[in-house]
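Here's the structure we're looking at; comments come further down.
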Amino acid sequence: MWALSSLLLAGLARAAIPNAMLRGMPSLPKVPVPERSITSPNGTALPNISTVYQFDQLIDHDNPVLGTFKQRYWMNWEFYEPGGPIILMTPGEANADGYDVYITNITINGLIAQQQNGAAIIIEHRFFGYSNPYDNLTSQSLALLTIQQAIDDLVYFATTADLPMPGGDVVKPGQAPWILIGGSYSGALTSYTMVNKPGIFWAGYGSSATVQTITDYYDYFTPIREYMPQNCSFDVQAVIAYLDQMYAANDTAGIKTLQESFALGALDHVGDFATALQYNLWDWQSLVPGAYAGTWFYQFCDALEVKNGVNAGPDGWGLDNAIESWGNFWNTTYYNHTCQDKDVETCLGTFDLTNPYWSNVTVDNWVRSWTWMVWFLPSWAS
């Protein structure tokens, strides 16, 4: 079996939250932007696209008397001419630093702006990065991290912000067309906004929008199983089936021996070990078409399937070699990549509720904010 057995999945569900949720979180990629000078269509030098602007956003749209907080945004108007659209996007569940590529013509946002003589904006989502209604991420503060508040943030920004470009105070909806763009969770947020607040944005563009919540979505791995190198897929399935079998038989000694093959014997819970095995599969999500060589996913498959310069056949090398090779990949390479100098339990354990990624309530702890969204909002980035 590719997916872990139903028994093991049930065990995972009882964990605080599997680390795989953190590794598999489909946040938008950050792409470096080449340094260059930026000018407007009339040749005027413009601020660097990394310039941070701030907007006075309402803390609670249902209770405006609570006041405002500073919401960060980035803007590029190098292609803008009067009458052109304003392209708005939030990266969603992430600190927005480093996402300024999405206001350049390297991305669809900037291409639309270039084609339509528009301006592009990235705005940081509330409770991520440094756009926080309060100076902490306690559960009391995070009560204001809701989809409705996020929708209202986008609308309030569009309808009230005076943008930093010349004439930026007269480009509100009704004066200029606004286009809302998003990917993954922010793609879903785009669709929610278009339905919930019709008439504000002239168009919405959602890429890979996550609009349905599915618990224990093992089928996420189906395309990986089917389209990864067949020999690698075959051997990975063999190891997972072996773990499933021991878990179903309550063979704790056998499971511990398998964990030690990966130098993960110090993990106290089999659910955390099973989650760690998924890490190599989550790396598939980071692949870019045409750029496979040297990626972590293909380093992993090469470690399993290339022996003494010879590639395994379509059925792989078999269970024993798969355990040895996969374990060796973790021991020699992947553990350091994943955990750096952390011990096994600190890095991969999820049952200790004092772990900082559960307990740290300081701002810019995206794990805590995102975990809140996963469990308490009706839809999430899955």
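Yes/no per residue for (1) over 30 Å from Val31 (Cα atoms); (2) surrounded by fewer than 16 Cβ atoms within 10 Å (Cβ to Cβ); (3) in contact with a Leu (Cβ under 9 Å, 6 or more places away or on another chain):
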site	(1), (2), (3)
Val236	yes, no, yes
Leu267	yes, no, yes
Ser286	no, yes, no
Ala293	no, yes, no
Asn321	yes, no, yes
Asn336	no, yes, no
Lys342	no, yes, yes
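Working carefully through the options Ser261, Ser359, find the one that is farther than 27 Å from Phe128 by Cα and among the hydroxyl-bearing types (Ser, Thr, Tyr).
Testing whether each residue is farther than 27 Å from Phe128 by Cα and among the hydroxyl-bearing types (Ser, Thr, Tyr) leaves just Ser261.
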Inter-residue pairs, beta-carbon under 9 Å, first without any contact (Cβ under 8 Å) to a residue 40 or more places away in the chain and in region 336-348, second polar (S, T, N, Q), 6+ apart = Cys339/Thr346; Thr346/Asn355; Cys347/Asn19; Cys347/Thr338; Cys347/Gln340
Would a scan of region 303-315 turn up a residue that is surrounded by fewer than 17 Cβ atoms within 10 Å (Cβ to Cβ) and assigned to a helix (DSSP H, G or I)?
-> no
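Going residue by residue through region 278-287, is there one that turns out to be at negative phi, in contact with a strand residue (DSSP E or B) (Cβ under 9 Å, 6 or more places away or on another chain) and in the same structural domain as Pro223 (by TED's automatic domain parsing)?
No: region 278-287 contains no residue that is at negative phi, in contact with a strand residue (DSSP E or B) (Cβ under 9 Å, 6 or more places away or on another chain) and in the same structural domain as Pro223 (by TED's automatic domain parsing).
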Does any residue of region 312-321 turn out to be modelled with pLDDT under 95 and assigned by TED's automatic domain parsing to the domain that holds Leu258?
-> no
Which of the residues spanning region 192-224 are over 23 Å from Gln285 (Cβ atoms) and under 18 Å from the mean Cα position of the chain (by Cα)?
-> none
Starting from residues that are β-branched (Val, Ile, Thr) and not in a loop (DSSP other than H, G, I, E, B), keep the ones in region 127-172 and report whichever is modelled with the lowest pLDDT.
-> Ile147
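Let's see how each residue does on (1) in contact (Cβ under 8 Å) with a residue 40 or more places away in the chain; (2) aliphatic (A, V, I, L, M); (3) not assigned by TED's automatic domain parsing to the domain that holds Phe300:
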{"residue": "Lys197", "(1), (2), (3)": "yes, no, yes"}
{"residue": "Ile200", "(1), (2), (3)": "yes, yes, yes"}
{"residue": "Pro223", "(1), (2), (3)": "no, no, no"}
{"residue": "Met228", "(1), (2), (3)": "yes, yes, no"}
{"residue": "Asp235", "(1), (2), (3)": "yes, no, no"}
{"residue": "Ile240", "(1), (2), (3)": "yes, yes, no"}
{"residue": "Leu243", "(1), (2), (3)": "yes, yes, no"}
{"residue": "Ala249", "(1), (2), (3)": "no, yes, no"}
Kindly list the number of the only condition in (1) under 18 Å from the mean Cα position of the chain (by Cα); (2) under 23 Å from Asn196 (Cα atoms) that fails for Tyr130.
-> (2)
Those residues of region 173-196 which are buried (at least 18 other Cβ atoms within 10 Å of the Cβ) and part of a loop (DSSP other than H, G, I, E, B), in sequence order | Ser184
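Can you find, within region 269-294, the residue that is modelled with the highest pLDDT among those that are in a loop (DSSP other than H, G, I, E, B) and under 18 Å from Gln230 (Cβ atoms)?
For region 269-294, the residue satisfying everything is Leu287.
The values are calculated or read from the model by the stated rules, or taken from the named source; none is laboratory data. Computed from a predicted model, the values in this text were never measured in an experiment. We place every Cβ from the backbone using ideal geometry, glycine too, and count neighbours over all the protein chains shown.
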